[in-house]
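Trainee: Attaching a single structure in structure tokens format; questions to follow.
Rule-based calculations on the coordinates, nothing more; no lab input. Predicted model only: the values in this text are computed from it and were never measured. Using ideal geometry, Cβ is built from the backbone for each residue, glycine included, and neighbour counts are taken over all protein chains shown.
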Amino acid sequence: MTTEQTSAQAHNISVLPSGRAFSSQGEETILAAAIRSGVGLPYGCKDGACGSCKCKKLSGSVTHGEHQAKALSAEEEAAGFVLTCCAKPLTDVVLESRQVTDESSFPIKKLPVRVSSLTRLSHDVMLVKLQLPAADHFKYHAGQYVEFILRDGARRAYSMATAPHQQETAPGVDLHIRHMAGGRFTDHVFGAMKEREILRVEGPFGSFFLREDSDKPIVLLASGTGFAPIKALIEQLQHKDIKRPVTLYWGGRRPEDLYMNAWVQEQQAVMPQLHYVPVVSNALPEDQWTGRTGFVHRAVMEDFPDLSAHQVYACGAPIVVDSARAEFTAQCALPSDEFYADAFTTEADKHGA
């Protein structure tokens, strides 16, 4: 029997320690089968670029599609690790994955959306407000993302910057979209896109959301527009009156990259448990910046040399998220299963450019 014939069959996938199980169909990846079956495996980019879906294969065989070495190295693959987003089962498979939850599996829907407003938050960040169909209630967790489905079938993913309880009064979501020079979709957002334009989205996706069953203090780490899902988490904490201590570190190259700095300061006035540390890495003299400087994840390490009793939620550029994950666990005693992340991979990141 050939590999192609074997992978096209249905196979059973079991996940430990939760005991959840599901079946693959045809040529779909393990992650696609899990999403279709409502099983909440961890994931981020779905393109073999970020490594968020990496987990240990305890038994069985898979074949990996194209992926980046930084997401799964040859050594990790040889040690039995798999990327579920690009691994297709050749046999029944048993995985070990810590983040399998029932609550993370809201129905994934394709929806028409209308652009209700466009507002520049900085020279290269646009606040795009989307109006959702009033008759079709869209459920998601703060921190999750949607994908725009472009006319040629290409997709672009953006995290929702609003907590889900706001759906009750106005069916819609906010997105923070950074202009990427030469980016087909972001060139459109910053150029020809107009209010009332109709687009198609699918979601919700992602395993980045607040674990409310914990009482541990929280460190929120954002770089650039990675602030969008962090903002939704802050709104969720406020809405649910969660009193856990929260420290937000938001990093940008220049002060203007902290494009909702005033909003965060306003939240501190109503959330006494929220502490905010803005960090700038490349301030110029004309910025007159007097705050923290350097790498944003290093600021966390300076303030929290011992993270053993904390949860960390990190979102932003892959280099920031990957550095934080490695150094927090190795140097600050953060338990690896208390680091939750969503790396913002661009199209260039996905193709290794």
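Trainee: If I build a Gaussian network model for the chain, linking alpha-carbon pairs within less than 10 angstrom, which residue out of D124, D337, D287 has the largest mean-square fluctuation?
Mentor: Checking each option, the largest mean-square fluctuation is seen for D287.
Trainee: Here's something else I'd like to know. Given that just one value was derived from the coordinates, which of (1) 20.0, 63; (2) 22.1, 72; (3) 20.2, 68 is Rg and Dmax of the Cα atoms in Å?
Mentor: The listed entry that was calculated here is (3).
Trainee: If you don't mind, there's one more thing I want to ask. Given Cα pairs under 8 Å that are at least 6 residues apart, what percent is the relative contact order of the chain?
Mentor: 14
Trainee: Where in region 230-255 does the label zone of E212 land, with the point 7 angstrom along Cα→C-beta and an amide N cut-off under 20 Å?
Mentor: Output list for this probe position: 230-247.
Trainee: Could you tell me the distance between the Cα centroids of region 104-124 and region 205-230, to the nearest Å?
Mentor: First find each Cα centre; the distance between them is then 19 Å.
Trainee: I would also like to ask the following. Would you mind ranking C53, C332 so that the residue whose beta carbon has the fewest other beta carbons within 10 Å leads the list?
Mentor: Placing the least packed residue first, the sequence is C332, C53.
Trainee: Mind running the shape call on region 231-313? Use the C-alpha gyration tensor, a ≥ b ≥ c as the square roots of the eigenvalues: rounded below 1.5 for a/c, prolate if a/b tops b/c, oblate otherwise.
Mentor: oblate
Trainee: Which whole-Hz couplings ³J(HN,Hα) result when phi for each residue of region 22-34 is put into the Karplus expression 6.51 cos²θ - 1.76 cosθ + 1.60, θ = phi - 60°, listed in order with x for Gly and Pro?
Mentor: Rounded to whole hertz, the list is 7, 10, 8, 10, x, 9, 6, 6, 4, 5, 4, 5, 5.
Trainee: What are the trypsin sites (Lys or Arg not before Pro) within region 125-215 that DSSP puts in a loop, where the Cβ has at most 12 other Cβ atoms within 10 Å?
Mentor: K139, R151, K194, R196
Trainee: Rounded to whole Hz and in sequence order, give me ³J(HN,Hα) for region 238-247 from the Karplus expression 6.51 cos²θ - 1.76 cosθ + 1.60, θ = phi - 60°, writing x for Gly and Pro.
Mentor: Per-residue couplings from phi come out as 5, 4, 8, 6, 7, 9, 4, x, 10, 10 Hz.
Trainee: Which ³J(HN,Hα) values in Hz, rounded to whole numbers, follow from the phi angles of region 14-21 under the Karplus curve 6.51 cos²θ - 1.76 cosθ + 1.60, where θ = phi - 60° and Gly and Pro get x?
Mentor: Here the 3J(HN,Hα) series is 10, 10, 10, x, 5, x, 5, 9 Hz.
Trainee: Treat the count of other C-beta atoms within 10 Å as a stand-in for reagent exposure and order K88, K57 from fewest to most.
Mentor: K57, K88
Trainee: Fewest to most neighbouring Cβ within 10 Å: what's the order for H239, H176?
Mentor: Ordered from fewest to most neighbouring Cβ atoms within 10 Å, H239, H176 come out as H239, H176.
Trainee: Go ahead and set up a Gaussian network model of the chain, Cα springs under 10 Å, then flag whichever of A69, A78, A33 fluctuates most.
Mentor: Comparing A69, A78, A33 in a Gaussian network model of the chain, the most mobile one is A78.
Trainee: Give the long-range amide H neighbours of D92: residues separated by 5 or more places, or on another chain, with amide H under 5 Å away, using H modelled in the peptide plane at 1.01 Å from N.
Mentor: Amide H neighbours of D92, under 5 Å, 5+ apart: N12.
Trainee: What trypsin sites (Lys or Arg not before Pro) in region 228-276 are in a loop by DSSP, with at most 14 other Cβ atoms within 10 Å of the Cβ?
Mentor: The qualifying sites are K240, K243, R253.
Trainee: For A87, list long-range residues whose amide hydrogen, built 1.01 Å from N in the peptide plane, is under 5 Å from its own amide hydrogen.
Mentor: Residues meeting the amide H criterion: I30, L31, G65.
Trainee: Moving on. For a test of understanding, tell me how many lysine pairs in region 147-285 have Cα atoms under 17 Å apart, given they are 8 or more places apart or on different chains.
Mentor: Final tally of qualifying lysine pairs is 4.
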